[in-house]
Every structure is written in structure tokens, then in C-alpha cells.
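To start, the structure itself, in C-alpha cells.
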Amino acid sequence: MGNQSDAEPWTELLSGMNDQLASAMEANMQAQNALVESWSGALGSAGDDAQMGDGMEGYAGAYDVWMEAADEAMQKAAGATEGEDLSPNEFRDLWLGAANEAFKEVMSTDAFAAATGERIEDAVELRQATDEIAQGTLHELGFATEGDVREVGERLVELERRHHEVERKLDRVLDHLEDE
């Protein structure tokens with residue numbers, strides 16, 4: 001009976017570690033699933049087959065990074081069951097590093113660049129349309145718009161240029177009259 005009570009703390013410890021490992025693996029799978037869904041959505045609008053292939057290669061590289069991190073996490077967990085020191089920060093750093101590397105794999109592809117370019121183009125078009133609506137609304141309400149201010153500025157610069165030209169001509173006329 002003495003042996004059974006001695007084993008209980010170890011059994012509880014191992015059970016807790018198994019639960020944590022299962023939770024970590026589940027979180028890993030959820031993160032991978034989110035990456036696949038996001039990447040599939042981005043590639044769905046990416047365009048040609050070459051970009052699609054490039055995108056899939058990037059995803060495969062990211063997947064490899066995740067799997068290497070999962071293997072390392074399993075090794076660290078196994079080491080912890082054998083009495084090796086293991087801090088939660090090591091797991092955090094492992095997964096953060098893996099996430100950074102996985103995103104590098106994905107973001108370095110032509111497909112990612114094309115999808116990002118499309119999104120930026122969409123955002124610029126939306127901003128231009130919004131600006132046009134805002135300018136029209138301000139104009140209808142009688143407020144000076146950016147275009148109005150710019151036009152006034154351009155006219156002012158032209159008036160200053162003409163004024164300087166008139167001054168130069170007037171100076172020449174005065175000089176001519178004084179010479180006579």
C-alpha cells in the first residue's frame with residue numbers, strides 16, 4: 001500500500017503533463033487549420049496556376065516549420081517526463097519562432113505578393129471613392145473642399161507671378177522715363 005501512495009503524485013503529475021501536451025497539440029492543430037483557411041482564401045483569388053503553385057510551395061514550407069516545431073515540442077515534453085527542466089517560456093519561444101518562420105515562408109511567395117497587391121489596390125479604390133463622396137458632400141454643404149483650396153492656391157500663385165511681371169514692366173517703364 002505504501003507503494004501505491006508514493007505513485008499517486010507521479011501519476012497526477014504525468015496526467016497533468018499529458019493534458020497540457022494534448023492542449024498544446026490541439027492549439028497547434030487549430031493554428032495550422034487557421035493558416036490553411038486563411039491561405040486558401042488568399043490563394044482563391046490569386047490568379048494563375050504558377051502563382052497557385054508558388055503559394056502551395058510557401059504553404060508546404062510553413063507546414064514543415066510547424067511540424068518541426070511540433071516534433072521539438074514533443075521531445076521537450078518527453079524530456080520533461082524524464083525529469084529535465086522545462087519552462088513555459090521555452091514552449092512560447094518555440095511556437096513564436098515557428099510562427100515567424102512559417103509566415104516568412106508564406107510571405108516570400110509571389111502568390112502572397114499578388115494577393116496583397118490586390119487587397120491594397122482594393123483599399124486604394126475604396127479610399128478614392130470615399131474621398132470623392134466626402135468632397136461632393138462638403139461641396140454640396142457649402143464647405144471648401146481640398147480641391148477648392150488647391151484651386152485657390154494655384155490661382156494665388158498665378159496672380160503673384162503676374163504681379164511680379166507687372167512690377168518688372170513698370171520698373172522698366174519708370175527707368176525709361178527717368179532716362180529721358
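The values are calculated or read from the model by the stated rules, or taken from the named source; none is laboratory data. Being a predicted model, the structure only gives us computed values, none of them experimental. Quick reminder, even Gly has a Cβ in these numbers, built from the backbone with ideal geometry, and neighbours come from all protein chains shown.
Just a few scattered comments:
- Residue match in the stretch 115-138 (condition: outside any helix (DSSP H, G or I), in the same structural domain as E57 (by TED's automatic domain parsing) and within 30 Å of A31 (Cβ to Cβ)): no
- Annotation note: Cβ proximity below 7 Å between a residue of the stretch 76-87 that is among the aliphatic types (A, V, I, L, M) and a residue that is modelled with pLDDT of 75 or more (sequence gap 6+ or interchain) occurs for L86/K76; L86/G79.
- Set V124, V106, V166: member being at pLDDT 90 or above, under 29 Å from M56 (Cα atoms) and either β-branched (V, I, T) or exposed (fewer than 10 other Cβ atoms within 10 Å of the Cβ) (or both): V124
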